[in-house]
Amino acid sequence: MVIGSALFGLVRALDPVPAYRLSPDSTLPGLPLRRHWAPVGASALAACAGDELVLDLRSEAYVALAPAPAGSWFVRVVSEDGAGRRRALNHFNKHGKGVVVRRLLEAGIDHAGLASLTAWTDAHGIRLEPGAPGELELVV
């Protein structure tokens, strides 16, 4: 598991990171974050992925800093109204993604592919469904 940081690039969950305030869309004099992180970030993500299932849980701003490897799945958190219409969530999307990641980690299952993952989420009351091409929708 790797986590995108606007200041440090990709870090692991247990890497020590000091408190800082820098968002992925910040502007630094002489250092465009997108141009700085995209080449190294994309290759690092591809190296981490290997041939494993990759769920990209980053915000769109972080995805812009370093694209995920081909074959990965971007997870978009959506809510559904009574008529079945879906809309993307902004404020609560981190919570929804965090709940799913926690449940996956607690289960300790290494899902070999999307079919295994979606069968597991279905069995555990998590709505993770196909969205746009290359995307999954987490319905909360």
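The values are calculated or read from the model by the stated rules, or taken from the named source; none is laboratory data. This is a predicted model, so every value here is computed, not measured. FYI the Cβ positions are ideal-geometry reconstructions off the backbone, even for glycines, and counts take in every protein chain you see.
Quick grid of which residues meet (1) assigned to a loop (DSSP other than H, G, I, E, B); (2) at pLDDT below 85; (3) touching a Ser or Thr at 6+ places or on another chain (Cβ under 9 Å):
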position	(1), (2), (3)
PRO18	yes, no, no
LEU22	yes, no, yes
SER26	yes, no, no
ARG35	no, yes, no
ALA38	no, yes, no
ALA42	no, yes, no
LEU45	no, yes, yes
LEU53	yes, no, yes
If you go through HIS111, HIS91, the only one that is touching a residue at least 40 places away in the same chain (Cβ under 8 Å) and in a loop (DSSP other than H, G, I, E, B) is HIS111
Among the numbered criteria (1) modelled with pLDDT under 90; (2) in contact with a helix residue (DSSP H, G or I) (Cβ under 8 Å, 6 or more places away or on another chain); (3) not basic (Lys, Arg), which one does GLY82 miss? (2)
Pull out all pairs, ordered by first then second residue, where Cβ-Cβ is under 7 Å, the residues are six or more apart or on different chains, the first lies in segment 53-75 and is acidic (Asp, Glu), and the second is not in a loop (DSSP other than H, G, I, E, B). ASP56/VAL63; ASP56/TRP73; ASP56/PHE74; ASP56/VAL75
Given the condition under 14 Å from the mean Cα position of the chain (by Cα), surrounded by 10 or more Cβ atoms within 10 Å (Cβ to Cβ) and assigned to a loop (DSSP other than H, G, I, E, B), answer yes or no: does some residue in segment 1-8 qualify? yes
Which listed residue, of SER79, SER23, is among the polar types (S, T, N, Q) and in contact (Cβ under 8 Å) with a residue 60 or more places away in the chain: SER79
Of everything in segment 15-53, what is closer than 24 Å to ALA112 by Cα and out of contact with any helix residue (DSSP H, G or I) (no Cβ under 8 Å at 6 or more places or on another chain)? Give them in sequence order. ALA42, SER43, ALA44, LEU45, ALA46, ALA47, CYS48, ALA49, GLY50, ASP51, GLU52
Check whether at least one residue in segment 66-78 is at pLDDT 90 or above, surrounded by 11 or more Cβ atoms within 10 Å (Cβ to Cβ), of a type in the set (Phe, Trp, Tyr) and not in a helix (DSSP H, G or I), and report yes or no. yes
If you check ARG102, ARG58, ARG85, which single one turns out to be exposed (fewer than 11 other Cβ atoms within 10 Å of the Cβ) and either within 16 Å of ILE3 (Cα to Cα) or among the hydroxyl-bearing types (Ser, Thr, Tyr) (or both)? ARG102
